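Notes for the one structure printed next.
The values are calculated or read from the model by the stated rules, or taken from the named source; none is laboratory data. Every value quoted in this text rests on a predicted model; they were computed, and no experiment measured them. Heads up, the Cβs are rebuilt from the backbone with ideal geometry, glycines too, and the neighbour counts pull from every protein chain shown. The area values use the complete protein model at the heavy-atom level, side chains included, leaving out ligands, DNA and RNA. Shrake-Rupley method; radii C 1.70, N 1.55, O 1.52, S 1.80 Å.
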Amino acid sequence: MRVDIITIFPEVFKPYFEESIIRIAQKKGKLKIGLHNLRDYTLDKHRKVDDRPFGGGQGMLMMLEPISRAVEDIVRRASKRRKTQDARRKTKIILLSPQGKTLNQRLVEKLAKYKHLILLCGRYEGVDERVADELVDEEISIGDYVLSGGELAAMVLVDAVNRLIPGVLGHKDSSRFESFSDNLLEYPQYTRPADFRGMRIPQVLLSGNHKKIKEWRRKESLRITEKKRPDLLNEARTYGTK
Ligand code: ADE
């Protein structure tokens, strides 16, 4: 998968993307990340990316023009790479914004199927509405709170999607049996020692009986979801039907 990120702070991504699973994914050639400074797509000498809102009001808005130029340039380069004019078909253009659809594992799974994502990080008090209306395919939020910009949200999205790219995680099942994959939280896990100051692990896990362990884990998944995130259970019942 290729991910192109349009931002006025390309540097903030580098430390995170150079570590851990994202670094490994890039090394394996499973993930390619392009960082694009929005200011490189301005035409004025001040490299201006924001302006005052029409009709007045507080604050500045990110301008449509440089964003449009950046997206066009990235799409054009992608189609050249693929030697086809049809780059848009497998490309999804996303605006990170608190007004977007809330990211969850189901949406992450859908996004992981694309060959190419273009992530646009909003900043300041907002973005010219024509970006959301005309330029992007989807607006995504990472939760009901307001960040100073879309950069952290883009990092969250890339991290979550990257884990689902085939061949990125070592064990082929390791992303399947975990929290949210079927809208249930993961069952509890323990490692050595089996008894630490009287805090003992559940006996069944020492039994060697795989059938029993499997049953216990499923029950625990349900119990923990009921206890910690009962809201997920309603969704779990309809999972796969939507
Ligand atoms: N930009 C500002 N707040 C955001 C949020 N919650 N999700 C995505 N992008 C944002």
Query - Approximate spin-label separation F196-K212, in nm, with each point projected 7 Å along Cα-to-Cβ - result: 2.5 nm
**Report entry** Furthest towards positive pole of dipole, P230, P53, Q99, structure part the chain, Cβ charges
**Finding:** P230
**Report entry** Residues in the stretch 1-18 that a label on R47 would reach, taking backbone N under 13 Å of a point 7 Å out along Cα→Cβ
**Finding:** 7-11
Requested in this report: Report the full-extension gain for the segment E186 to K32: residue separation times 0.36 nm, less the Cα-Cα distance, to one decimal in nm.
Outcome: 52.5 nm
**Report entry** Average accessible surface area per residue within the chain, 1.4 Å rolling probe, Å²
**Finding:** 63 Å²
Query raised in the report: How far, in degrees from 0 to 90, does helix 151-162 lean away from the longest principal axis of the Cα atoms of the chain, to the nearest 10?
Result: 50 degrees
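Probe radius 1.4 Å, ligands and nucleic acids ignored: give me the carbon and sulfur share of the accessible area of the chain as a rounded percent.
Reported share for carbon and sulfur atoms: 51 percent.
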Requested in this report: Would you list, by chain and number, the lysines whose Cα falls below 19 Å from the Cα of K214, excluding same-chain residues fewer than 8 positions away?
Outcome: K172
Report summary line: Full extension between E11 and Q58 adds, at 0.36 nm per residue less the Cα distance, a length in nm of 14.1 nm
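What number, rounded to the nearest 500 deg cm²/dmol, is the helix-based mean residue ellipticity at 222 nm of the chain, given -39500 (n - 2.57) per DSSP H run of at least four residues and division by all its residues?
After summing the helix terms and dividing by residue count, I get -9500 deg cm²/dmol.
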Report task. Compute the distance in nm between two label points, each set 7 Å from the Cα along the Cα-to-Cβ direction, one at Q99 and one at E138. Result -> 1.9 nm
Report task. Return the FRET efficiency for the residue pair D73, I21: r is the Cβ-Cβ distance, R0 is 30 Å, and the value is rounded to the nearest 0.05. Result -> 0.55
